[in-house]
Structure formats: structure tokens, C-alpha cells
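Notes to accompany the following structure.
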Amino acid sequence: MTVSPLIGALAATAAWLAIGVLALVPAGNAAFARKIAFPLGALVGLALAVFGLQAAWEPAESLTLLLGLPDLPFHVRLDPLAGFFLLLLGAVSAGISVYAAGYFHDEAPERLTLIGLQYFVFLAAMALVTLADDAYLFMVAWETMALASYFLVTTDHHQPAIRSAGFLYLLIAHLGAIAILLCFGILHGGQGDYSFAALRDAELTPFWASVAFLLAFFGFGAKAGMLPLHAWLPEAHPAAPSPVSALMSGIMLKTAIYGMVRVIYDLIGGVRWEWGVIVLLIGAATTLFGVLYALMQHDLKRLLAYHSVENIGIILLGLGMSMVFFGFGHPAAGVLGLVAALYHTLNHAVFKGLLFLGAGAILHRRGLRDLNDMGGLIRSMPRTAFYFLIGALAISALPPLNGFVSEWLTFQTALQAPILQHGVVRSLLPLFAAMLALAGALTAMCFVKVFGIAFLGQPREPRHPVHAPAAHQAGDCGPMERLGMAWLAAGCFVLGLFPASMLLLLNRVGTSLTGWGLSDEALASGWLWLVPTTPAQASYSPVIFLLVIVGVVLLTILLVRRFYHGRVRYSHPWDCGFPEQTPRMQDTADAFGQSIRHVFGPLYLMKRHLPGPDDPAPRFTLKIEDRHWYWLYLPVARLVEFVSSRVGLLQRGRISIYLLYSFITLIALLVFVR
Amino acid sequence: MSDVPDIAFQILQSVLVVLAAPLVLGWVNQCRAWLQNRTAPSICLPYYTLAKLFHKDAVIAEHASPVFRLTPYILFGCMWLAAGIVPVLATSLPFAPAADIIALVAVFALARVFASLAAMDIGTAFGGLGARREMLIGFLAEPAMLMTLFTAAFISGSTQLTTIVDTLAHRELALYPSLAFAAVAFLMVLLAENARVPVDNPTTHLELTMLHEALILEYSARHLALVEWAAAIKLFAYMTIGFALFVPWGIAEAGDWAGLPFAVAALAVKLALAGAGLALIETVSAKFRLFLAPEFLSTAFLLAVLGMLTHFLVRG
């Protein structure tokens, strides 16, 4: 390899920008955007993934670009951590871009060219966020990313609901950006140099380090969809076109995780265990909240968005455990937690991307997004159903797919708890593991609901179609869409079956970041065995697992076929002999969540109307709302309105009064300046 | 990392478990009949039932998808795999390092997900109901089960079931309060996960109360046989997990082939006692309302957590 990965990654970023601009130039020529821009963007993504992979194995490289303001050039740097996130960005976006080429097939040309520009600027900005080596470029890229995604979210801006979703997103994104900016300000300490190298060297007192940690944690957490700053996520992600939802949920949330790891581990350094406990508590709350609210949704894309909240919580659990171990001086276990968190970051990008693409396929081909309108789609969209099932099994943390591996690693981190000195924290850690187990089982329930209601059963009568599907869309999704989904589905298998190789890569990331690595036994275990610490303590071999399970299933089929006849009669469903069967008698998405509402009732804000027995026109209504709106968002909004109405009193609309203000200001200034 | 006798033993043990599982079910049914003052059926009745089902023609709903037809095989395969991980007779299982206790719990979860999907496949009212209830029990039981297993993992410092058994079998006969809590929790999870009486009634087909039966309502003939057989293996696997964690004595060590006959005898005694105990529990208790199941299982969870905390406290 003669190309340096950093140069390659910069070239790929520039290529994305160029594609975006080119998509705009032949205005009205949608064929270019559709047929060339998106597939080309996918190839660039693949190249970026290769450079990222290469960078993970090489020493860090840095470069000063002759861009930016005079005396304030952009610094870029590519180390294993950035390389890992570029791998994630490139590989996952490749699948999504290919899919987008098919998905945007019928888009109006003027809209498509604009989407193309925003889409590629968004991708390039995310690449720059990971490459940035000074606070200036980082914030520029971060804001570009936020704005590009804002415009993508508001693609359908003629709908008021989508406009307000976009506004909420922009608002919370900027609250987060302010916190990040303040964090850089603390790290910077008035030295005039905003490069990350200078921030890294800053000496902070424990108090200021903790303030910087809190600012970074909540600043990046706002972008990641962490509780209680999650409210934008279930509104904004479903509003965007499906490939963009996949990009936002799959990749953009991960740039926030990148920022968190970069700032907390690298720039602030000296991780304290108290920080870890904060991360754990918020992570656990986020996990549980995300999955419980996901179970209550019947809009497929909203449901997936709530699962993104949940998975961010799982990543935070891994990070929090890692910080606790580092804080108590157990770096080997700390690196294990970091590896688990980063592994889950990659896994979530892959399977959540896949699931959003599947949801997009249903929306695009059938015009449906409400689960209660779907049913029996496995017969008319068998390929989409197959890929969606893989994604559903992966997110439910079932072996041998990828979701299981990262949750397994998180469990193994929690099981290192006995080495901790602090009694309370030691017994808390396994409880967080129990929380993770609960969330995993609830996720499985949620995806049984999604797959069972959308793809299995009998077709329901659509009552809330988004649009009527065109005649040529009646079948399964097209070849480009299938290719995109197949790529991500293959990712679920590869990441699930060969975790030991990923462990080596992530160990490199951990070593370059913290100076510590996993145990030698863990690294020497070979590609077949995943060993977090020592083989005696725990091991897992997904390949053997898969071979055995496929082997015994095939053997069973063979034996049953060999020794018994294979006769089958087809008939009506039995259903305990009940004669009348209509699709309306099937479970709905809301009915499926009924038992959850019963068990976890106090956690929801439910408004229910149960009709009485003698009601002539009985209607059962149920509304579930997010409590955070009432105790956090609305009070803050009212406070802001109150303050601005008071400030508004200054505006009298008469020029003489404004002149008076100027006069008073001048007098005040003179007093101070003298 | 393992030699030929070990692999041969691994295969032998998993085949043995698969073949012996219906016998345990027959024994439980027999004990229950005695306790309830009924004439007991033959202990081999489950085998006759399976043979009968295998010979029948399968009836499948017209619009069933491949998920429906494949699920019985997946269920059976999952349970067979579980039978390969749990040390039943000896701890020399070359396959065991490939999947630890967390993977074991995940295998049961995989089976549950497919069973629920198959139930929803036909699109009947009962199928969806069964799937919903099964997943409800599942998400409540899974954390409790993991906590129980974690307590044992903390004591032995490993999540490998074979290592756990090796450690626990060789400890001095001391009282572990943490394991006592865990044992009660495990028993409650076992009852719930295997659709046993306080949570579900394996003999009922009453529409409004059934859990497991609602799930498999549409299956017939060989598919039903596989599902029922898988359920029997699951019960067997849960019982042997319980033995492995709480009464591991008598199990043959790795390479100790001479201890095998003794291990078989010990297993037979343990199974006979456990089966009789299960029948007793099922006779003296009544089935709960469905929404008491969450309370039952959260009690199990809390007991498991208490067990784990006790471990940390006692150890200092």
C-alpha cells in the first residue's frame, strides 16, 4: 500500500463533496443522481472503509490543511479510533447508498438533486468529524453535519409535523453543540491553541475535569439520543426519507459516541470511576426507556427510532463499566468494556441500518408505515422479509448474529466486577447486567411483534396508508435495494461469526487510546474462539455454534424425512375449531403491547378511555405520552417564553426610547472604562 | 484441544439426552397421576405419542410461510444444542467452550422467538395471544435465569458450565447462602419456562388460560411431535442445569471414564427425585392468573439478585 490512509480518507471525503455538488449541477437531471451519484458514493464509502481499516493497524498520522481561517488552519489526524469509525461510516454507508439508488427511483428530479447534495455533504461532514484534530474543524464539521441532516429531515417540509420535528432536532442539536463548545473552552484554558494535542496536554483540577466530562457527556449525549435529551430522536428519524433515517440512526448517532470516547478518554484523560457510575445510571435508564417505549409504538419507523435510543443506552452501559474499571485502576477490564461498547456501536450501525432499509422498502413498495395496516408481507416481499428477519434476530441479541457478541462482551465486562474494591459499585455492576438482560429479552419481544405483525399472518386492511403504491411497485423491492440490504445482512453475519478478528482490531483502538490492552491469552486465542480474558473464564465460538445448530437441524430434517413420510395436507387454520376467521381478529401492534402496559404501567403516561358496557358506540382509545415532556421540556419551554416576554418589554417600537437605551449604554460604558 | 474419546462422549451424551428426555416427562406424568389418585399411564406414553404423531399426515394452513414449517426443526435443533452444552454425566464436553451460560440462555431465547413467530404466522387470534404471553414469560424469566447463573459464575469465576460444575463439585460441603437463594429462584424460573403449573398448565387446552398450548395450536403430526419432543428436552436440560449448579456431586470428571457408571446412577436418582418433586409441586399448587406470573417471576429475579449480593457480602 503506497497511499497513506489519511490522504486516502481525505480524498474520499473530497470525493463525496464533489459527488454532492455534481448531483446538483445538471439541475433537473435526476438520472445522474440516481444512476451514478449514489452507486459512486457507495464505492467511495467502501474505499473509506478500507482506509479506515488500514489506519487501525498503523501508527497515527496527522496533517495540517491549508484551509480554514488565516492563522487558524485545519488539523486532521487519523489514529486507530478514527480509523475504526471511518470503517463504520464507510462500510455501512456503502450499503445505504446502494439502497438509496434504488429507493429514490421515483423521486421528483428537483427534489432528488437537492437530496443528493445534502446526503453527500452529510456523509463528508461525518467523515471530517472523525478526522478533525482541532476543536475548530471539529465544530465546523459537527455543525455542518447537524445542518445537512436537518435539511434531510425536513425533506417533506410541507407537512407541519415534519417541520416541527426538524425544529426540535435543530434545537437539541444546538444545545448539545453549546455544551461541547464549552467543554473545549474548559480544556483549552486560555492558551490560544485549539488543536487536540494542546487540549490533551491541558492540566485540569479534578473539579474542572469533572465539569468538562459532564459537558462532553451531555453535549454528545444530546446528539446520541441519550435520556433525557432523546425527545428529538423519535420525531426526527421517522420524518426523514428511509435511507436518511438509516444514516442518522446507524451512523450519525455513532459520531456522538466517537466524540464521547475521544473527549473523555483522549482529551480529558484520567477517567474517574464516579463518571462511570453517572454514565451507567443514565445508560441503564436510556436502555429501559427506549425499549419500553418502542414496545408501545405501532409506527414502524418510530419504533425503530426508539430502539436506537435503547441501543445507545447499551453502548453507554459498556462505556460506563469501562470507565468504572479504569477509574479503579483495572485497565484490562476497562479496555474490555471499551471494546464491548465500540463493538456494539458497529453492530448497531449495521443492523439498525438494515432494519430502517427494510422499513423503507415496505413504505416505498406498499405505502405503509403503520404496523396495524400490514400483515402477511412475507408472501409478497419474501426477500425483504428475509433480510428484515436477519436484522430482527441480530438486534434481539440472538446467537450467532452480531448483536449477541457485543452484548455477550458487555456481560463479560460486568462479570469482572469481583476485582473492584468498592463494595457498592461491585454489587451494582451485575445489576446493570441484569438490566441489559431484561432489555435484550424485551427487544426480542418487540421484534417478534414487528416481524409477526408486519410480515406474518394475514394481510390487514390498510387504514392509514401514507401513499397509494404505484402499479409497478407491487412486487418485492428492486435489485439495488436488495443489494444494499444484502450487504448489511452479510455484515450481521460476518461481525457475528468472526468476532475474534474484530477483537484484535478493537484492542488496537483501545491500546492506542489508553495505553492498555486485553490479556495476552485473549489475543492469542485464534480466529475461531472469542475469549475476553482467559479461556477458563469464558469463551464463545460462533462458527462452531452455527455449524452445530445447522448440523443438528439438517440432521433432524433428514432423519424425519428418512424414517417417516413427508405427506402434507393443506387446509384452513384450525384455531381451536373457531369457524369464522377474518384478518381483523389477529393481534394488533397495540394489543401485543398490552401485557407490557400491564406490567410496566407506572412507567408510562397513559390516557385511556374504556367504554362502558351500555355505550351504544363503544370506542377504546389509548394514548401514551413521554413523561419527559411534562417535567422537563414543557417547563423549560415555558420558562424561555416567560423570559423572552419580559425581555420583549424593552421593545417599545418608538425610536426615542431606543435612543434612550443607547444613551444609557454609553453612560454605563463610560463609567466602566473611564 | 480435545481427543477422540471426548468427542465420542459428547455425541453420545447429546443423543442420550434427546432419547431419554420423553422418559422424564413420562415419569413426571406418572408421579402426578399417583399423587392425584389416578391410574398412572405407562412411563413410556410420551414415546407412543411421539410415534403416533410422526406417522400421521401433517395438516398445515394454506397460507403458512416457510417460517412455520421450519420452526419445529429449529426448536428441536436449539434444544439438542442446549443438551450438548450442559454437563449431564461428565464434564469432558469438547463442544462446551463454544457456548457458555449466556449463550445457553440465548439459545432458549432463540427457540422462544421462533416458536412465537411461528404462532403468529397463521394469523389466528390464538396464535398472537400465545406469542404475546410466551414472550411475556420469556422476558421476565430471562433476567432471573441469568442472575441465577451469574451467582454460580461469581463463585467459580467462570461462565463455562463445565468449569462451574468442576469447581462446585469439588468444594467442601459448606453452606453457600447465595446458592440457596439462587436455587429457589432457579426453581421458579424452571416452572415458568417449562410451562408448569403455577404459571401454565401443560394438560389444559382451555382457550383463555393456556400459554404454551396456544403457541403450538396449529401444529400437527410430525411438526407437533418435534415441538413436543423439544419441550421434553428443554425440561430435561433445565433439570440438569439445576443439578449442575446446585447438586453437582456424582458427575464424572474429565477423562474419568471409570466414574461414568456411577454418574449414570447418580443422574437417574436425581432425575427420579426431581421428577417426583415437580409432580408434587404441580399437585399442591393451583395455576395463577396470567398477571400473577410477573409477580412470581419478579420474586424469582429478586431472590436471584439477593443471592448474588449475599455472595459479595459473605465473601467480604
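The values are calculated or read from the model by the stated rules, or taken from the named source; none is laboratory data. If you're wondering where the values come from, they're calculated on a predicted model, not measured in any experiment. Note: ideal-geometry Cβ built from the backbone for every residue, glycine included; neighbour counts use all protein chains shown.
So B:Met308 fits all but one of (1) away from every other protein chain (no Cβ under 14 Å); (2) touching a residue at least 60 places away in the same chain (Cβ under 8 Å); what number is the exception?
With (1) away from every other protein chain (no Cβ under 14 Å); (2) touching a residue at least 60 places away in the same chain (Cβ under 8 Å) applied to B:Met308, the lone miss is (1).
From A:Leu112, A:Leu123, A:Leu137, which residue is at pLDDT below 90 and surrounded by 19 or more Cβ atoms within 10 Å (Cβ to Cβ)?
A:Leu112
In segment B:65-77, which residues are surrounded by 20 or more Cβ atoms within 10 Å (Cβ to Cβ) and more than 7 Å from chain A (Cβ to nearest Cβ)?
Matches in segment B:65-77: B:Phe68, B:Thr71, B:Pro72, B:Leu75.
For segment A:237-268, enumerate the residues that are over 16 Å from A:Val309 (Cβ atoms) and among the charged types (D, E, K, R).
Across segment A:237-268, the qualifying residues are A:Arg262, A:Asp266.
Restricting the search to segment A:575-601, which residues are more than 8 Å from chain B (Cβ to nearest Cβ) and in a helix (DSSP H, G or I)?
Selection gives A:Gly577, A:Arg584, A:Ala589, A:Asp590, A:Arg597, A:Gly601.
Can you tell me which of (1) more than 16 Å from the chain's Cα centre (by Cα); (2) buried (at least 24 other Cβ atoms within 10 Å of the Cβ); (3) among the polar types (S, T, N, Q) is the one B:Thr148 doesn't meet?
(1)
Out of everything in segment B:46-64 that is at the interface with chain A (Cβ under 9 Å from one of its Cβ atoms) and either assigned to a helix (DSSP H, G or I) or small (Gly, Ala, Ser) (or both), what residue ends up being nearest to B:Leu117 (Cα to Cα)?
Looking at the filtered set, the residue picked out is B:Ala64.
Pick from segment A:433-457 the residues that are surrounded by fewer than 24 Cβ atoms within 10 Å (Cβ to Cβ) and in contact (Cβ under 8 Å) with a residue 40 or more places away in the chain: which of them is nearest to the other protein chains (Cβ to nearest Cβ)?
Applying the filter and picking the extreme gives A:Leu438.
Let me confirm something: among A:Gly225, A:Gly190, A:Gly219, which residue is on the phi > 0 side of the Ramachandran plot and in contact (Cβ under 8 Å) with a residue 12 or more places away in the chain?
Residue meeting the stated conditions: A:Gly225.
Does segment A:540-559 include one or more residues that are within 14 Å of B:Ile122 (Cα to Cα) and surrounded by 15 or more Cβ atoms within 10 Å (Cβ to Cβ)?
Checking segment A:540-559: not a single residue is within 14 Å of B:Ile122 (Cα to Cα) and surrounded by 15 or more Cβ atoms within 10 Å (Cβ to Cβ).
What residue, of B:Ala33, B:Ala8, B:Ala40, is out of contact with any strand residue (DSSP E or B) (no Cβ under 8 Å at 6 or more places or on another chain) and not in a helix (DSSP H, G or I)?
Answer to the selection: B:Ala40.
Does any residue of segment A:236-244 turn out to be crowded, with 23+ Cβ neighbours inside 10 Å, of a type outside the set (Phe, Trp, Tyr) and not in a helix (DSSP H, G or I)?
yes
I'd like to verify a number: residues in segment A:496-509 that are farther than 22 Å from B:Ala98 by Cβ and either among the charged types (D, E, K, R) or in contact with a Ser or Thr (Cβ under 9 Å, 6 or more places away or on another chain) (or both), how many?
Number satisfying all stated conditions: 1.
Can you tell me which residue in segment A:269-282 is surrounded by the fewest Cβ atoms within 10 Å (Cβ to Cβ), limited to those that are in contact (Cβ under 8 Å) with a residue 40 or more places away in the chain and within 22 Å of the chain's Cα centre (by Cα)?
Here the residue is A:Ile278.
Can you list the helices (runs of 4 or more DSSP H) found entirely within segment A:316-425 that contain at least 2 residues being over 30 Å from A:Trp273 (Cβ atoms) and modelled with pLDDT under 95?
Counting at least 2 such residues, we get A:331-366, A:377-380, A:382-395.
Need a quick list: helices (runs of 4 or more DSSP H) entirely within segment B:111-221 having at least 3 residues that are more than 8 Å from every other protein chain (Cβ to nearest Cβ) and among the small types (Gly, Ala, Ser).
B:125-156, B:177-193
Would you mind telling me which numbered condition in (1) within 7 Å of chain A (Cβ to nearest Cβ); (2) free of Cβ contacts under 8 Å to residues at least 60 places away in the same chain; (3) surrounded by fewer than 24 Cβ atoms within 10 Å (Cβ to Cβ); (4) of a type outside the set (S, T, N, Q) B:Phe95 fails?
With (1) within 7 Å of chain A (Cβ to nearest Cβ); (2) free of Cβ contacts under 8 Å to residues at least 60 places away in the same chain; (3) surrounded by fewer than 24 Cβ atoms within 10 Å (Cβ to Cβ); (4) of a type outside the set (S, T, N, Q) applied to B:Phe95, the lone miss is (2).
Filter segment B:79-92 down to the residues that are within 19 Å of B:Glu142 (Cα to Cα) and either more than 7 Å from chain A (Cβ to nearest Cβ) or more than 15 Å from the chain's Cα centre (by Cα) (or both) and list them by number.
B:Met79, B:Ala82, B:Ala83, B:Ile85, B:Val86
With respect to B:Phe9, determine if the residue is aromatic (Phe, Trp, Tyr), at the interface with chain A (Cβ under 8 Å from one of its Cβ atoms) and touching a residue at least 60 places away in the same chain (Cβ under 8 Å).
For B:Phe9, the condition - aromatic (Phe, Trp, Tyr), at the interface with chain A (Cβ under 8 Å from one of its Cβ atoms) and touching a residue at least 60 places away in the same chain (Cβ under 8 Å) - is not met.
Could you list all residues from segment A:561-574 that are within 7 Å of chain B (Cβ to nearest Cβ) and either out of contact with any helix residue (DSSP H, G or I) (no Cβ under 6 Å at 6 or more places or on another chain) or among the polar types (S, T, N, Q) (or both)?
Listed by number, the residues that qualify are A:Arg567, A:Val568, A:Arg569, A:Tyr570, A:Ser571, A:His572, A:Pro573, A:Trp574.
Taking A:Glu407 as meeting all but one of (1) surrounded by 24 or more Cβ atoms within 10 Å (Cβ to Cβ); (2) farther than 23 Å from A:Leu303 by Cα, write down the number of the exception.
(2)
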